[in-house]
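The values are calculated or read from the model by the stated rules, or taken from the named source; none is laboratory data. Keep in mind it's a predicted model, so treat the numbers as computed, not measured. The protein model used for the area step is the full one, side chains on, heavy atoms only, and it has no ligands, DNA or RNA in it. Shrake-Rupley method; radii C 1.70, N 1.55, O 1.52, S 1.80 Å.
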Amino acid sequence: MADTSSSWSSQNAVLDMDDVAGSDHSDYETNFSTSGRQGSGGEKMSGTYMDSMKQRLQENVTNMMWQSGKERATKAWNIYGNLDILRPYFNVEPHEVRSRLVHSLLPQRPSDERQRVPRELYGPMMIIFTLIALLLFQMKTAEHRVEEGTLMGTSFGVCFTYWLGASGLVWVLSYVCNTHLTLIQILSMMGYGLGGHCVVIFLGTIIHTSHDHLFFYALWAVVGGLSSLRMVSIVLSRTHGQTQRMIVCGAVAALNLLFLLYLHFAYHQIVEDLSEVFASHHNPVVADAVGVNKGDDSAVKNTEVEDG
């Protein structure tokens, strides 16, 4: 009986140990597999969260940069595209422009008192447009056959290049020589100085003779000289030092008088060259005939020289 009970207890003990061992092993494997799954899911969730954060950060930075660029562009457009900035320089009465145009040909005596220089661009712009129209009229009167667009573009380029370029050069010299003139004042002074050019070109076109330039030289000396003296008197009243005055005054007078000579001679030559180019392009037979005639004339001249 005792043997039977002992064997039964030993079997129960073995069974219990086996059950416990089996149950512990299965629970361990189950818990381990579950914890592994939970770890991989956490890593996936953290990776997804980081990706979404990066995407949101990129979107926010892009929006900030876009808004900043948009605000800067709007601000720049409001500053430079606002016509109210240029309004004071064009807000002038017609009688004031007429008075300033007349006074641009009336030089004043140099004095210690600074002469007033208007800060407006309406008068100079109208004078430049008038000069362009006179150049076109002069070419039409001389019967030059050049295309309208080419002739007008050349006139615009010549006049505005001189006005802006000469004013910039005088402004640099004024800055170096300590002349009390702003860029707007120099643009106004140089623009009104072109009023004499309009008078000379108009009278030269109406009365000018093709075989003699004496009348043009007389107008160039009188009218061009008066406009140059007017600008020189303004510079003298606003510059200290004899050397500085000589430099700025010489530059202003030379630019004004040489540009008038350029309009009378060099501009005509440019237009004549353009007319010959367009004539040869449209009528090559005529161009060849002109070249043959020029060659014959040169041969005749050479023969005369050799005979002499």
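Per the Debye formula with a single identical scatterer at each Cα and no solvent contribution, what log10 I(q)/I(0) holds for the range 182-240 at q = 0.12, 0.15, 0.25 Å⁻¹?
Reported log10 I(q)/I(0), two decimals: -0.36, -0.52, -0.96.
Keeping all protein chains in place and using 1.4 angstrom, which order do Glu120, Glu113, Glu93 fall into by accessible surface area, from largest down?
Output order, biggest surface exposure first: Glu113, Glu93, Glu120.
Hey, if we sort Ile184, Ile128 by accessible area with the 1.4 Å probe, largest down, what's the order?
Ile184, Ile128
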